[in-house]
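One structure is given below, encoded as structure tokens.
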Amino acid sequence: MSFYQIVLLVIAFFTAMVIIRVIMGPTIWDRLLGLNMVSAKIIMSIVILAIIQDSSFLLDIALVYAFLGFVGTVFIARFIERRGNL
Amino acid sequence: MIREALTVILISIGLVFMLFGVIGIFRFKDFYSRILISSKVETVGFITLMAGVVIKYGFTYFSLKILLICLVVVITNPLSTHAIARSALISGFKIKEEK
């Protein structure tokens with residue numbers, strides 16, 4: 001169990017806690033906030049995984065995921081705000 | 001040797017910030033205070049973690065890519081949090097006054 005595997009485990013535990021908030025969240029926007037945080041944590045775990053395997057192409061995946069997570073969250077927020085007609 | 005120790009310290013500080021972000025989600029009862037705290041602390045934790053990783057790899061293309069990811073997330077995370085809070089406010093989600 002090298003240090004970075006422990007870091008991955010801790011990030012996975014935090015992601016599980018945030019997912020509990022996404023499930024339990026009273027309003028839609030809590031869930032959206034939780035999704036936003038889960039995607040940030042996933043980017044971190046991809047970067048830590050890139051360190052463990054020492055392969056730099058994984059970072060491109062993290063970069064693309066950052067953009068897609070951002071676009072997805074913004075459009076879901078707009079969808080809710082406009083109640084359907086964007 | 002110092003670089004490895006610095007990496008471990010910075011990554012653990014980043015994890016501590018993420019812990020505060022998760023605690024911030026569960027501790028606050030109102031949505032607005034929750035989003036205010038957790039998104040800020042989350043971004044700071046992200047920066048600290050990436051700084052630790054960049055120090056580990058020094059001056060290579062690997063750390064350049066990580067800096068690019070850090071830049072992207074630092075710009076997009078507050079933007080998406082703003083979009084969420086704005087959609088909550090516009091669709092009439094009132095701020096509950098503290099009793």
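Per-residue 3J(HN,Hα) values for the stretch A:62-69, derived from phi via the Karplus relation 6.51 cos²θ - 1.76 cosθ + 1.60 with θ = phi - 60°, read 4, 5, 5, 5, 4, 5, 5, x Hz in sequence order (x marks Gly and Pro). Comparing the full protein assembly with the isolated chain, the residues of the stretch A:12-28 losing at least 50 square angstrom of accessible surface (1.4 Å probe) are A:14, A:21. Shown in residue order for the stretch A:51-57 are the 3J(HN,Hα) couplings computed by the Karplus curve 6.51 cos²θ - 1.76 cosθ + 1.60 at θ = phi - 60°: 6, 4, 8, 6, 10, 8, 6 Hz (x for Gly and Pro). Buried between B and A is an accessible area of approximately 3800 Å², summed over both sides with a 1.4 Å probe. Taken over the protein assembly as shown, the convex hull of the Cα atoms encloses 108 Å³ per residue. Excluding ligands, DNA and RNA, the accessible surface per residue across the protein assembly as shown is 53 Å² with a 1.4 Å probe. Of the solvent-accessible surface of chain B, computed with a 1.4 Å probe and all protein chains present, 78% belongs to carbon and sulfur. A DSSP coil position with no more than 14 other Cβ atoms inside 10 Å describes the following GluC sites (Glu not before Pro) in the stretch B:6-99: B:97, B:98.
The count of lysine pairs in chain B whose Cα atoms are under 16 Å apart, excluding pairs fewer than 8 places apart on the same chain, comes to 4.
A crude spin-label estimate for the pair residue B:89 and residue A:16, with each label 7 Å from Cα along the Cβ direction, gives 3.7 nm. When the other protein chains are added to the chain by itself, burial of at least 50 square angstrom of heavy-atom accessible area (probe 1.4 Å, ligands and nucleic acids ignored) affects these residues of the stretch A:42-86: A:44, A:47, A:51, A:59, A:63, A:70, A:81. How big is D for the stretch B:2-90, in µm² s⁻¹ as a whole number, if Stokes-Einstein is applied with the Kirkwood radius of its Cα pairs at 20 °C and 1.002 mPa s? Roughly 153 µm²/s, to the nearest whole number. Centroid-to-centroid, using Cα positions, the stretch A:23-86 and the stretch B:1-27 are 20 Å apart.
The values are calculated or read from the model by the stated rules, or taken from the named source; none is laboratory data. None of the values given here were measured: they were computed from a predicted structure. Note that we place each Cβ from the backbone using ideal geometry, even for glycine, and neighbour counts take in every protein chain shown. Each accessible area value is taken on the protein alone, full model and side chains, heavy atoms only, with ligands, DNA and RNA left out. Shrake-Rupley method; radii C 1.70, N 1.55, O 1.52, S 1.80 Å.
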